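The structure appears below as structure tokens.
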Amino acid sequence: MPRQATESPKSRRTLQASKTAAKMLRPGRTEVRPHRFCLAYSITGTFMTQSTPRVADHPAHPQFLSRWSPRAYANDEISEQELLTILEAARWAPSSYNSQPWRFVFARRGTPHWTKLLGLLNEFNRSWAENASALVIVLSKTTFAPPGSTEEVAMPTHSFDAGSAWGYLALQASLSGWHAHGMAGFDKEKTRTELGVPANFAIEAAVAIGKIGDKAMLPEGLRSKEEPSPRLPLQALVSEGTFKG
Ligand SMILES: Cc1cc2nc3c(=O)[nH]c(=O)nc-3n(C[C@H](O)[C@H](O)[C@H](O)COP(=O)(O)O)c2cc1C
């Protein structure tokens, strides 16, 4: 198919990177060439030279390396449709018994519920998340009715499943040109009261979604952290057959 006339050098490079990753991941391939699969992305998805590029030890798809959590947000408004697209991705996460225990309560900047959700965050998170475009509280249902039963029993995987949904949300945000930043720093009891959350739902995390802003707006201590962070080497996390710590 002929290339779109509007295709930019940036999107060509991104496409090329995806093709390279796909080629390296093709089924049956047992050996990966010994060079390191190194991709560094700027906040807009273009390649860049940066002091701490993210480097994959193995050729995972570039989308996993390009997602990151900024704090300098640009104060933009997000349409309901854009936000629902990000939440739609979360809907398709896997869960035990397909119980789909995740729930999301959102508020968009400039709407009546914004101040209420912003007021749930601790002071530190509020200081930067007030420039986000949407806030989302992630909850999970701690009980479920097993197949063939109408009686609710404890669902041990509710947090694990909600974590998958958050991961999907964050990746879709990044694929849609937004960023999602998870937060544990908020008042869970206040959240339960103010959002009317019943006892059989756990309050998991808060998320700030926005477009990147100027990091000069952040206090000095946070400015230097405003870039994609590295990870432990895979070999420190993975072992074959026996747990190695
Ligand atoms: C469940 C969860 C809670 C977090 N809580 C906070 C928080 O309260 N404040 C904050 O600034 N960042 C918070 N973070 C962001 C992490 O610090 C960040 O995801 C981590 O350093 C990895 O960076 P990256 O997301 O840019 O890859 C949280 C992330 C997660 C997933």
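Within segment 177-210, work out how many residues are more than 9 Å from the ligand (Cβ to nearest atom) and either open to solvent by 50 Å² or more (accessible area, probe 1.4 Å) or of a type in the set (D, E, K, R) (or both).
11
To keep it simple, each residue is scored yes or no on (1) charged (D, E, K, R); (2) in contact (Cβ under 8 Å) with a residue 40 or more places away in the chain; (3) in the same structural domain as G185 (by TED's automatic domain parsing).
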{"site": "Q63", "(1), (2), (3)": "no, yes, no"}
{"site": "A90", "(1), (2), (3)": "no, yes, yes"}
{"site": "S99", "(1), (2), (3)": "no, yes, yes"}
{"site": "W102", "(1), (2), (3)": "no, yes, yes"}
{"site": "R109", "(1), (2), (3)": "yes, no, yes"}
{"site": "T143", "(1), (2), (3)": "no, yes, yes"}
{"site": "M155", "(1), (2), (3)": "no, yes, yes"}
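Pairs under 8 Å by beta carbon, first residue closer than 18 Å to G210 by Cβ in segment 178-194, partner at pLDDT below 95 and buried (at least 16 other Cβ atoms within 10 Å of the Cβ), six or more apart or different chains?
These pairs meet every condition: H179/I43.
If you go through segment 109-132 one residue at a time, how many are among the charged types (D, E, K, R) and farther than 16 Å from A74 by Cα?
2
Provide a single number: the residues in segment 61-72 that are more than 12 Å from the ligand (Cβ to nearest atom) and open to solvent by less than 40 Å² (accessible area, probe 1.4 Å).
1
How many of the residues making up segment 98-115 are in contact with an Asp or Glu (Cβ under 6 Å, 6 or more places away or on another chain) and surrounded by fewer than 19 Cβ atoms within 10 Å (Cβ to Cβ)?
Of the residues in that region, 1 qualify.
Can you confirm whether segment 185-202 contains a residue that is touching a Leu at 6+ places or on another chain (Cβ under 9 Å) and of a type in the set (F, W, Y)?
yes
Given segment 52-159, what helices (runs of 4 or more DSSP H) lie entirely inside it while holding 3 or more residues that are at positive phi? Steps first, answer last, please.
Working: elements: 62-66, 80-91, 114-118, 123-129.
Answer list for segment 52-159: none.
To keep it simple, each residue is scored yes or no on (1) part of a loop (DSSP other than H, G, I, E, B); (2) at pLDDT 95 or above; (3) under 20 Å from F106 (Cα atoms).
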{"position": "W166", "(1), (2), (3)": "no, yes, yes"}
{"position": "A170", "(1), (2), (3)": "no, yes, yes"}
{"position": "G177", "(1), (2), (3)": "yes, yes, yes"}
{"position": "H181", "(1), (2), (3)": "no, yes, yes"}
{"position": "I203", "(1), (2), (3)": "no, yes, yes"}
{"position": "V207", "(1), (2), (3)": "no, yes, yes"}
{"position": "P228", "(1), (2), (3)": "yes, yes, no"}
{"position": "R231", "(1), (2), (3)": "yes, yes, no"}
{"position": "T242", "(1), (2), (3)": "yes, yes, no"}
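Is there a residue in segment 148-157 that is open to solvent by less than 50 Å² (accessible area, probe 1.4 Å), more than 16 Å from the ligand (Cβ to nearest atom) and under 25 Å from N75 (Cα atoms)?
no
The values are calculated or read from the model by the stated rules, or taken from the named source; none is laboratory data. Please read all numbers here as calculations on a predicted model, not as lab measurements. Ideal geometry is used to build each Cβ from the backbone, glycine not excepted, and the neighbour counts take in all protein chains shown. When the accessible area is computed, the model is the full protein with side chains, heavy atoms only, and any ligands, DNA or RNA have been set aside. Shrake-Rupley method; radii C 1.70, N 1.55, O 1.52, S 1.80 Å.
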